[in-house]
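Encoded as structure tokens, the structure appears first; notes follow it.
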Amino acid sequence: MKNADKIKLFSFDVDGTLTNGTLVLGPDGEAYKFFNVKDGLALSLAHRMGYKTGFITGRFSKIVGARARELHADFVLTGVENKIEALEGLLKEYGLSWEEAAYMG
């Protein structure tokens, strides 16, 4: 990745990015997710190193919020229809430019 040394914020979609893509639906419609602990360790370490970290996902999920708290994520945005606008808002909030952000989705 060109200019990776400029990155200050890492944001991720959840389903199929931080999970294996499997959704198990509970009786009340809650989608259970399977997270990879290695991804979690990497995010936790990035946060400890001073990077802004978090999730931007289209689904509403208490599970995503719980995982974000476990990893000490700086932000978790759920139910997002336009992820570009959401990321743009985060960049303004943190005073960062697009060149300082990485998104995986």
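Just a yes or no: is a residue in region 44-64 of a type in the set (A, V, I, L, M), surrounded by 12 or more Cβ atoms within 10 Å (Cβ to Cβ) and over 21 Å from L9 (Cβ atoms)? Checked against the condition, which is being of a type in the set (A, V, I, L, M), surrounded by 12 or more Cβ atoms within 10 Å (Cβ to Cβ) and over 21 Å from L9 (Cβ atoms), region 44-64 yields at least one hit. Taking region 1-30 as the range and being surrounded by fewer than 10 Cβ atoms within 10 Å (Cβ to Cβ) and of a type in the set (S, T, N, Q) as the test, only N3 passes. Among the numbered conditions (1) without any contact (Cβ under 8 Å) to a residue 60 or more places away in the chain; (2) over 12 Å from the mean Cα position of the chain (by Cα); (3) surrounded by 14 or more Cβ atoms within 10 Å (Cβ to Cβ), the only one that L41 does not meet is (3).
Residue count for region 85-101 under the criterion of being in a loop (DSSP other than H, G, I, E, B) and of a type in the set (A, V, I, L, M): the result is 1. Counting the residues of region 44-84 that are under 11 Å from the mean Cα position of the chain (by Cα) and aromatic (F, W, Y) gives 2.
Each reported figure results from applying straightforward, stated rules to the coordinates on display, with no laboratory input. Note that the structure is predicted; figures quoted are calculated from it, not measured. Note that we place each Cβ from the backbone using ideal geometry, even for glycine, and neighbour counts take in every protein chain shown.
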